[in-house]
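The values are calculated or read from the model by the stated rules, or taken from the named source; none is laboratory data. Predicted model only: the values in this text are computed from it and were never measured. Cβ coordinates were reconstructed from backbone atoms using ideal geometry, including for glycine residues, and neighbour counts include every protein chain displayed.
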Amino acid sequence: MSSSSKKQRRRQRDSEASTNPTPRTASNPPGTRSWHRWLPLLLLVLASGLAYGRLLGNDFINFDDDLYVTANPEVRSGWTARGVAWAFGSFHAANWHPLTWLSHMLDVELFGLDPAGHHAVNLLLHVLAAGLLFEVFRRLLANRWIAFFIAAVFALHPAHVESVAWVAERKDVLSAVFWMLTMLAWLCWVERPTVLRYGWVMLALALGLMAKPMLVTLPFVLLLLDVWPLGRWRGFAPADPLPENAVHAAGGARGLGRLVLEKLPLFGLVAASSVVTVFAQRAGGAIETFERLSVGQRLGNAVVGYGRYLDKVLAPRDLSLYYPLDWSHGGGPPIWQVLLSVLVLAVISILAWIWRRERPWWGLGWLWFLGTLVPVVGLVQVGAQAIADRYTYIPSIGLAWMVAGVLAEVAGETGKRRAVAAVGAGLLVVLGALTWRQVGYWHDSIRLFERSIAVTKNNYILQNNLGATYNDLGRPDKALPLLEATVAARPTYAEAQSNLGLAKMRTGDPRGAIEQYRKALELRPDDGPVLANLGEALAATGQLTEAVEVLHRAVDHGGGARAHNNLGNALAQTGDINGALEQYGKAIELDPGYAKAYANRANVLTATGRLEEAAKAYERSLELEPDNASTLTGYATVVADRGDLPRALTLLRRAVALDPSLAQARFFLGLGLLQSGDRDGAIEQYQRLTQLAPPLAEQLGGQIQAAP
């Protein structure tokens with residue numbers, strides 16, 4: 001072919017750039033080396049910022065965020081050598097994803113436990129993944145605006161809010177970045193195969209697998225791209241001949257065996273990751289057994305799952321944090337749902353086969369969607385959820401590719417490029433608006449759980465978590481009816497039994513709490529955290545001997561820092577001061593950020609007259625929890641005993657302002673005011689105490705009367 005004919009063909013391809021969904025070249029068309037080249041990326045960033053802007057004001061969620069950040073002592077310690085070793089050696093949360101753990105540790109190092117910083121990193125990673133996806137498809141299709149549409153759907157789809165707005169789903173956005181980097185590295189290797197370039201592919205894939213094993217399907221996606229648009233498989237000939245490009249110049253079409261052979265190292269990586277993942281999830285008890293879910297039920301759930309995922313991507317509505325399995329049919333879906341899903345999947349698959357030469361992007365996008373969902377569609381059932389919005393994060397790219405191809409083809413055939421562009425832009429605006437609304441539901445746990453419960457049926461998991469959230473917020477009165485209803489509906493749900501016990505404990509019913517904890521332990525006899533709670537309740541009712549025995553069991557069965565702390569409290573009540581201090585020390589060793597353990601240690605040290613040590617323990621506790629009124633009160637008594645009455649009064653006034661119902665703070669404040677000569681202030685605290693704690697009021701009143 002002559003040089004002039006090549007230039008003529010190139011100009012013709014460039015003139016069709018805005019409408020032709022067929023790939024043309026792996027490089028940029030002429031004339032794009034200006035700021036226009038960066039316009040799609042700029043639009044992606046701006047659109048994502050508008051859709052997700054209020055994410056930075058959202059809180060952590062009381063669903064796995066504790067496992068990953070807020071109650072994880074290794075992560076809360078920040079970036080440490082011990083934490084790095086733990087990240088690579090732990091199956092915590094039934095997963096092995098060390099890179100995800102390291103990213104959370106780095107966040108804590110940079111932002112502490114301020115949720116805004118954690119959310120900001122998630123959003124930055126999401127935008128980065130979208131930008132890299134744009135670059136992948138720009139190179140594959142040599143059409144910036146088709147690539148932009150695919151990347152924008154990825155960036156703005158409301159089903160992806162779960163992956164971005166949920167701090168615990170850092171693994172999604174982080175692994176997506178490495179997914180796109182692996183694809184880019186692969187395209188570079190295809191263009192010019194070298195050992196170094198293949199090494200970059202291996203490294204990107206390995207890092208992605210260490211962020212989340214969802215990348216196990218990526219080598220299969222690379223095989224799909226080999227078929228089209230890269231044209232590397234000689235067994236496929238599209239209706240429109242593939243143009244010359246750098247990929248073809250590097251070797252042209254190959255046999256299927258060679259294409260598979262060159263990816264064997266990649267398949268080796270994903271095979272190793274799959275083995276480790278299954279082992280981790282089995283160790284964590286996350287995989288359902290075949291006795292609980294048969295092969296037939298799994299197949300039925302998988303087929304219906306595909307249908308539901310297709311529905312969530314094409315018509316996103318009633319999005320929920322959690323979609324429970326319908327156990328009313330023994331864990332399997334109704335037969336009509338199975339038949340309807342089979343029909344829809346079959347129709348799209350038949351069209352993909354019929355159009356395989358004329359519209360290869362349809363079939364390849366469909367196979368991308370089907371294939372990347374395989375690990376999470378329920379054939380290997382992990383947990384009791386039917387589907388999850390976050391599982392559409394990568395698979396939806398295939399459907400976006402199909403829609404982009406349809407729009408581009410319609411624009412090319414009708415000549416109405418502006419009208420089709422307006423339709424595409426309108427679709428993106430709608431997706432962005434839905435995402436903006438969905439981000440609002442993720443503002444806090446209560447709003448999210450209430451919304452999710454409203455759009456699903458029999459969502460006992462989130463009803464339990466809503467009750468647990470009210471417990472954490474100091475509203476056990478709101479938690480009680482929710483948890484009682486959950487236990488009535490699911491009496492075998494041990495976590496709800498335990499949370500109901502905690503609600504009863506916090507409403508002043510320790511005996512009722514003991515009953516609930518025992519029921520939870522009948523279901524899970526060696527549950528360390530439940531044993532820790534039971535021991536606390538037993539100690540509160542004066543059953544100290546049994547409490548100490550139970551708490552030792554809690555320590556032995558993984559009750560963690562809380563178990564050691566509660567054991568310390570029980571030992572302190574029995575008069576074993578040295579034993580109590582030892583247990584507080586172990587609690588702090590396990591969780592250096594455990595403020596309550598520092599405060600309890602300080603209380604015991606104060607009672608034994610070791611004021612200097614007590615002051616240091618109080619100060620550390622207040623560094624971790626500056627607004628804890630009880631700790632402020634204890635510290636104020638030490639400060640007063642050390643002769644600094646003005647500072648003690650400042651601490652006590654702050655404690656009273658934080659918790660006006662804290663009788664002990666008002667009692668010591670009254671004594672301090674009386675000692676400083678403020679008799680009227682002391683009388684005011686006495687009057688408040690007559691309602692809150694009459695015995696303390698009587699003591700303070702006696703001091704006031706005895707004062708000159």
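The residue list 46, 50, 67 contains one member that is under 26 Å from residue 158 (Cα atoms) and free of Cβ contacts under 8 Å to residues at least 40 places away in the same chain, which is 46.
Look at the range 79-90: where a residue is in the same structural domain as residue 103 (by TED's automatic domain parsing) and a partner is of a type outside the set (A, V, I, L, M), sitting 6+ places away or on another chain with Cβ atoms under 6 Å, you get 79/109; 83/74; 83/77; 86/74; 87/98; 87/101; 88/98. Residues of the range 141-186 that are modelled with pLDDT under 95 and of a type outside the set (Gly, Ala, Ser): 141, 143, 144, 145, 146. For beta carbons closer than 8 Å, sequence separation of 6+ or different chains, a first residue in the range 618-633 that is farther than 21 Å from residue 667 by Cβ and a second that is hydroxyl-bearing (Ser, Thr, Tyr), the qualifying pairs are 619/635; 620/598; 624/594; 624/598; 625/631. Could you say whether any residue in the range 301-308 is over 23 Å from residue 158 (Cα atoms), surrounded by 13 or more Cβ atoms within 10 Å (Cβ to Cβ) and at pLDDT 95 or above? No: zero hits. Kindly indicate whether residue 536 is of a type outside the set (Gly, Ala, Ser) and either surrounded by fewer than 24 Cβ atoms within 10 Å (Cβ to Cβ) or at pLDDT below 95 (or both). So residue 536 fails the test. Among the residues of the range 75-124, the ones that are within 17 Å of residue 590 (Cβ to Cβ) and touching a Phe, Trp or Tyr at 6+ places or on another chain (Cβ under 6 Å) come to 2 in all.
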